[in-house]
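The values are calculated or read from the model by the stated rules, or taken from the named source; none is laboratory data. Note that the structure is predicted; figures quoted are calculated from it, not measured. Glycine also receives a Cβ, built like all others from the backbone with ideal geometry; neighbour counts cover every protein chain displayed. SASA here: full protein model, heavy atoms, side chains in, ligands and nucleic acids out. Shrake-Rupley method; radii C 1.70, N 1.55, O 1.52, S 1.80 Å.
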Amino acid sequence: MKEIFTLSEENYLKAIYHLSTEDEESVSTNALAERLQTTAASVSDMLKKLAKKELIEYKKYQGVNISEKGKRVALQIIRKHRLWEVFLVEKLSFNWDEVHEIAEQLEHIHSPILVKRLDEFLGYPKFDPHGDPIPDESGEFQAMPQMALSEMTPNQSGLLVGVKDTNSLFLRHLDKIGAYIGAKIKVLEKVEFDGSVEILLEDKKTLFISKEVASNLLITKR
């Protein structure tokens, strides 16, 4: 019988997985508390439960590492989240800045056959609307070599393949300036004073973007 986890357990596993991919060190309880907007005491209580189910490795004051079992569970949650985002954008005409919170609810549906049919219905997409890779049934996903636009040098060009920040305000800003996943971007100049970047978008429009925006745009060089 397939093991079922609570919504809270799944949210913790997903957060631990994401934090572990951002840092090679063990994930701290404070980092988890900040990510999940809860208290360190609540985090400690949940970590004990997850460790008992062999989903994580946890020692008090030493942080937490996700186990192979926990990683498999986290990747399936992420898979569902990103498939639902594709469905909401492509089939229900939501904007890419509207789908995250809805997908946060839908990702907790415990129906493998539904997820399998959703994947098939969507044509087995490899990436979600924000450019993040979608794990397959086995938890494998297609990684795309990428770098932040802020790290590129003048005359380098590439395709916008992802965004680090999926905040709705940021995504609406990208809509306003005409930047989208798949857009061609060429770096024309980097301003030494403030780190802002002058770019050519789709060989048509010249824009100045701030260092903060540039650091949140992920590019695959061409």
- Query: Does region 135-178 hold any residues that are in contact with an Asp or Glu (Cβ under 6 Å, 6 or more places away or on another chain), part of a loop (DSSP other than H, G, I, E, B) and polar (S, T, N, Q), and which are they?
  - Reply: none
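Results for (1) in contact with a Leu (Cβ under 6 Å, 6 or more places away or on another chain); (2) open to solvent by 40 Å² or more (accessible area, probe 1.4 Å); (3) closer than 12 Å to Val64 by Cβ; (4) not aromatic (Phe, Trp, Tyr), shown as yes or no for each residue.
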| position | (1), (2), (3), (4) |
| --- | --- |
| Leu7 | no, yes, no, yes |
| Glu10 | no, no, no, yes |
| His18 | no, yes, no, yes |
| Glu22 | no, yes, no, yes |
| Leu32 | no, no, yes, yes |
| Gln37 | no, yes, no, yes |
- Item | Any helices (runs of 4 or more DSSP H) falling wholly within region 49-133 and containing at least 1 residues that are among the polar types (S, T, N, Q), surrounded by fewer than 12 Cβ atoms within 10 Å (Cβ to Cβ) and at pLDDT 95 or above | 100-106
- Note on the structure: Residues of region 35-56 being over 15 Å from Thr6 (Cβ atoms), out of contact with any Ser or Thr (no Cβ under 9 Å at 6 or more places or on another chain) and of a type in the set (S, T, N, Q), in sequence order, are Gln37, Thr39
- Kindly indicate whether Leu201 is among the aliphatic types (A, V, I, L, M), under 29 Å from Ser93 (Cα atoms), modelled with pLDDT of 95 or more and open to solvent by less than 90 Å² (accessible area, probe 1.4 Å). yes
